[in-house]
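Take a look at the structure below.
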Amino acid sequence: MARSRADWEALARELRPEARALINGEFRQARDGRTFDTISPIDGRLIAAVARCDAADIDDAVTAARASFETGHWRQMEPPERKRILLRFAEQVRADLEHLALLETLDVGKPIQDSLASDVPSTANCIAYYAEFADKLYDEIAPTGPKDLALIRREPLGVIGAIIPWNYPLVIAAWKLGPALLAGNSVVLKPAEQSPLGAIRLGELALQAGVPPGVLNVVPGYGEEAGQALARHPDVDMVTFTGSTQVGKLMMRYAGDSNLKRVALELGGKSPQIVLRDADLGAAATDIAWAIFYNQGESCNAGSRLICDAGIKSELLAEVKRVAATITLGHPLDPSTKMGALIDAGHMQRVLGYIDTGLREGAELALGGRQALRESGGCYVEATILDRVKPSTRVAREEIFGPVLAVTEARDESEALRLANDSIFGLAAAVWTRDMDAAHRVSNALRAGTVWVNTYFKSAMTTPFGGFRQSGFGRDRSPHAIEKYTDLKTIWTTYR
Ligand code: NAD
């Protein structure tokens, strides 16, 4: 039977999450014993005091990862065995559904129903998806003359530093761990300081599933301490990063200043949705509302800009508002809640500050705009729509990362396209039209890693995820993700 809010609150009270670092198969405090508090944005409660790891702990984790790589226990394991262990890891995640979902919801404030139905199952599916490649990927033999044999082999890179954000902590961890571990690498995972608990639990489940000690290390800590130490470490072969564009730029600097480690970046977005005059407005309105309000707008690929044909704007906005009214803002442990808390008080103030900025810049408030559920002690902002947003203003150009939709009118298809592409970002985009020629023209011309036609947020493990421009480079998900965790080696043999 489905649990009630009271059930979840009782479970939350009893929860004693593991909050230490996992290094070389053992849980331990930071070397200097320091901790930081992880506070729930639901109501400001303290969830746990977490090991505040810094450069010394990162160095221990990298040393353990390197040693595990060199022994070859993981990298040279028979492929069916590595597959079995990763599939067991995925099963452990599935079996831990309620515990992981509760950790995730308490840590980041997303609705428990989303954690249960989406975040945890997607995490398990991702690990299982990559596990299956272990005994199905073949290397190549290049064309040569008859006296030569040229093998082209894919080899793991070595030690991978994975640095991840707080908006989908479990899912994004899995997007890194699945392909990196499948390929035989060892990993040091640094979760965001706002959301360390799910990642630590994942490390524990991997160990229980048989991933050898040292192959997956989880080191919580602040970005500027643990994160920077990992990205600058001379014995890390690659940093795979998801986070803001600003910190993504630092990653490239750290790599250049240290050992030229490889860098893969999944960064921010300001994704446009173009609605042309002939679109199915009912379908468009539903997806437009969910595209910005799902996960409280804290999605890198949120559809945060609506670029709408002037002739249909008022009809469309009325529909979007109608759908928004069904996306209930509430306590995240209430199973009927569809929009929960923002990650912390600082971020909430930042989002509210953007709404003020937009209004000062001349936008009109069409929905919401205020802090909500103040009495809870948590961090809630109403679903918000800013209309008549000028394309040159900050709310049209900067990533707000909250439930704020910026609406701009366009005269015709070509103006809509020009406005959509006028951005430093290029993560995702959508076009709504019944005209297949227009759909083809616009989707070809949009500069984004994913372009949706008459839908939004549809995705699967089978399709790559990532951005153009300052939304980053490198792709998560799909077989392509494996490429970035491996390198090609040519072995040329001549027969005499
Ligand atoms: P952030 O860049 O502030 O932090 C991300 C990670 O980097 C955290 O683990 C943090 O501790 C670490 N970090 C911060 N400063 C660092 C430093 N100086 N050196 C090393 N590490 C450092 O991002 P955030 O606020 O956690 O997440 C929100 C951002 O992530 C948004 O911009 C969002 O669009 C982006 N994001 C992108 C994708 C994608 O796939 N493209 C997915 C999710 C989130």
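Observations on the structure shown:
- Considering residues of segment 431-476 that are charged (D, E, K, R), part of a loop (DSSP other than H, G, I, E, B) and over 30 Å from residue 131 (Cα atoms) only, the residue most open to solvent (accessible area, probe 1.4 Å): 434
Table: residues versus (1) of a type outside the set (D, E, K, R); (2) more than 22 Å from residue 99 (Cα to Cα); (3) open to solvent by 10 Å² or more (accessible area, probe 1.4 Å).
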site	(1), (2), (3)
166	yes, no, yes
180	yes, yes, no
195	yes, no, no
203	yes, no, no
215	yes, yes, no
235	no, yes, yes
240	yes, yes, no
247	yes, yes, yes
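- For segment 342-370, residues that are away from the ligand (no atom under 15 Å from the Cβ) and either under 23 Å from residue 320 (Cβ atoms) or part of a loop (DSSP other than H, G, I, E, B) (or both) total 16.
- All conditions but one from (1) open to solvent by 50 Å² or more (accessible area, probe 1.4 Å); (2) touching an Asp or Glu at 6+ places or on another chain (Cβ under 7 Å); (3) assigned to a strand (DSSP E or B) apply to residue 391; the one that does not is (3).
- Single match in 277, 322, 305 (criterion: in contact with an Asp or Glu (Cβ under 6 Å, 6 or more places away or on another chain) and either at negative phi or modelled with pLDDT under 95 (or both)): 277
- Tabulated pairs, segment 457-480, first under 15 Å from residue 263 (Cα atoms), second more than 10 Å from the ligand (Cβ to nearest atom) and outside any loop (DSSP other than H, G, I, E, B), C-beta under 6 angstrom, 6+ apart or interchain: 474/264; 474/484; 475/481
- Condition met for residue 418 (within 16 Å of residue 310 (Cβ to Cβ) and without any contact (Cβ under 8 Å) to a residue 24 or more places away in the chain): yes
- Hits in segment 51-69 (condition: under 11 Å from residue 229 (Cβ atoms) and open to solvent by 40 Å² or more (accessible area, probe 1.4 Å)): 55, 56, 59
- Filtering segment 190-239 to residues that are within 15 Å of the ligand (Cβ to nearest atom), touching a residue at least 24 places away in the same chain (Cβ under 8 Å) and acidic (Asp, Glu) leaves 193, 225.
- Taking the criterion of being assigned to a loop (DSSP other than H, G, I, E, B) and either in contact with a Gly (Cβ under 6 Å, 6 or more places away or on another chain) or of a type in the set (A, V, I, L, M) (or both), the residues of segment 26-53 that qualify are 30, 41, 42, 43, 44, 52, 53.
- Taking the conditions (1) out of contact with any Lys or Arg (no Cβ under 6 Å at 6 or more places or on another chain); (2) within 11 Å of the ligand (Cβ to nearest atom) in turn, residue 254 satisfies each one other than (1).
- Conditions (1) touching a strand residue (DSSP E or B) at 6+ places or on another chain (Cβ under 6 Å); (2) away from the ligand (no atom under 12 Å from the Cβ): number failed by residue 287: (1)
- Assessment of segment 482-492 against the conditions (among the hydrophobic types (A, V, I, L, M, F, W, C) and either within 28 Å of residue 280 (Cβ to Cβ) or within 14 Å of the ligand (Cβ to nearest atom) (or both)) yields no matching residue.
- When 469, 394, 447, 475 are screened for being under 30 Å from residue 42 (Cα atoms), within 16 Å of the ligand (Cβ to nearest atom) and either in contact with a Lys or Arg (Cβ under 8 Å, 6 or more places away or on another chain) or modelled with pLDDT of 95 or more (or both), only 394 passes.
- Residue match in segment 389-402 (condition: touching a residue at least 24 places away in the same chain (Cβ under 8 Å), farther than 21 Å from residue 271 by Cβ and out of contact with any Cys (no Cβ under 8 Å at 6 or more places or on another chain)): no
The values are calculated or read from the model by the stated rules, or taken from the named source; none is laboratory data. Please read all numbers here as calculations on a predicted model, not as lab measurements. No Cβ is skipped: glycine too gets one built from the backbone with ideal geometry, and neighbour counts run over all protein chains shown. Surface accessibility is based on the protein's heavy atoms, side chains included, excluding ligands, DNA and RNA. Shrake-Rupley method; radii C 1.70, N 1.55, O 1.52, S 1.80 Å.
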